[in-house]
Amino acid sequence: DAGVIQSPRHEVTEMGQEVTLRCKPISGHDYLFWYRQTMMRGLELLIYFNNNVPIDDSGMPEDRFSAKMPNASFSTLKIQPSEPRDSAVYFCASSVIAGVDTGELFFGEGSRLTVL
Amino acid sequence: SQQGEEDPQALSIQEGENATMNCSYKTSINNLQWYRQNSGRGLVHLILIRSNEREKHSGRLRVTLDTSKKSSSLLITASRAADTASYFCATDAWGGGNKLTFGTGTQLKVEL
């Protein structure tokens, strides 16, 4: 399996521009997670989906952030408008979860976003 | 907010030595997991220990869990230069939904 695929790997943009990050989860995985990693705040869960439905978006910092999962093989995280404080590495992860236990997460390589 | 706090923040050892990292957390858990992150890469799952388990082994890794103290430790024996990475604990909180909350991480450097 190719693993979780994220694009772009690197994005440099100017403040105010729209940013779209993309994720393809592992086939057959029914959970998808978006995390953000910064030096100051570490790894933060932004939102997660189960069977394409958003379950918990309490980690989304503000209305400038939105995420969608139109089908089982694709998700996007959009920031509009972007701000310098959004600079971070954004990770997508997927998993198969049976029962109440959260099992192993499979992470993509991340999208490093720099907002100037 | 961070569920897990790791200690130490950074650790430097010589190849062949053992490395021990500790994780403390705040709430009741279903399980606790450890992940490794090489510089510039995604996180990779190492091991999962359930709340009713006290110790688990996988190759050179040994994980312990003390739910009464809300703490876990990861021991890497006979470390190698390739073990140089950041290590994170992650907790699956009981009743918290199917999600993991990650700790602050320990940066391990193994020198030749």
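The values are calculated or read from the model by the stated rules, or taken from the named source; none is laboratory data. What you see is a predicted model, and the numbers here were worked out from it, not measured in a lab. All Cβ positions, glycine included, derive from the backbone under ideal geometry; neighbour counts span all protein chains shown. Calculation scope for accessible area: heavy atoms of the full protein, side chains included, ligands and nucleic acids excluded. Shrake-Rupley method; radii C 1.70, N 1.55, O 1.52, S 1.80 Å.
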Query raised in the report: Is the stretch B:31-40 home to any residue that is open to solvent by 10 Å² or more (accessible area, probe 1.4 Å) and at the interface with chain A (Cβ under 10 Å from one of its Cβ atoms)?
Result: yes
Requested in this report: Identify, by number, the condition in (1) within 14 Å of chain A (Cβ to nearest Cβ); (2) in a strand (DSSP E or B); (3) surrounded by fewer than 15 Cβ atoms within 10 Å (Cβ to Cβ); (4) not hydrophobic (A, V, I, L, M, F, W, C) that B:HIS57 doesn't meet.
Outcome: (1)
Query raised in the report: Looking at (1) surrounded by fewer than 17 Cβ atoms within 10 Å (Cβ to Cβ); (2) part of a loop (DSSP other than H, G, I, E, B); (3) free of Cβ contacts under 8 Å to residues at least 40 places away in the same chain; (4) not small (Gly, Ala, Ser), which is the only condition B:VAL44 fails?
Result: (2)
